[in-house]
Amino acid sequence: MFSKYLHSVYILVGTPLVSAQTVTTTRITTISLPPDVQTLWGVCGGDGAPATPWTKTLCEPGAWCNRPNTYLHQCLPISMSFSGIAQVSTTTTTTTTPVQLQTKYGQCGGVGHVGPKSCQPPSTCSTLNPYYWQCL
């Protein structure tokens, strides 16, 4: 689409030419975009565009003009395509796991303890030492 705007730039790398010397040529291709085409991530319209009238209303190849609101339109990569403001749906799942409660005078914690860590009311878990906590 923009092939008429392609320019080739040649860069010569090496020391001044003398006989039997090798010269490396590197080709860099640049794209010169028309005045109405914006680059990736640039503003492509909207009420908040910097100049009036805004003329860069098209995006470069590989990008599209996202218009989620009337204020700001922006050139985004095609890989980020969505319609308007992204619709995100969330599902919340609540799982209730029965909690085992320790009886009065039972162990409710401490180093290496793998049993219940909560006590049946009105008892509370009290630390007797780092290795043994008890429902009292």
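Here, each number is a calculation from the coordinates, and none is a lab measurement. In this text, all values refer to a predicted model and were calculated from it rather than measured experimentally. Neighbour counts are summed over all protein chains in view; Cβ atoms, including those assigned to glycine, are modelled from backbone coordinates with ideal geometry.
Computed from backbone phi, the HN-Hα couplings of region 72-79 come to 10, 10, 9, 6, 10, x, 4, 5 Hz, rounded to whole numbers (Karplus: 6.51 cos²θ - 1.76 cosθ + 1.60, θ = phi - 60°; Gly and Pro given as x). In this structure the amide hydrogen of Gly109, modeled in the peptide plane, comes within under 5 Å of the amide hydrogens of Trp133, none closer than 5 places in sequence on its chain. Among Ser32, Ser118, Ser79, sorting on how many other beta-carbon atoms sit within 10 Å of each Cβ, with the fewest leading, yields Ser79, Ser32, Ser118. Our coupling estimate for region 129-136, obtained by passing each phi through the Karplus curve with A = 6.51, B = -1.76, C = 1.60 and θ = phi - 60°, is 7, x, 9, 9, 10, 9, 6, 10 Hz, Gly and Pro reported as x. The slack between Val99 and Thr127, meaning 0.36 nm per residue of separation minus the straight C-alpha distance, is 8.1 nm.
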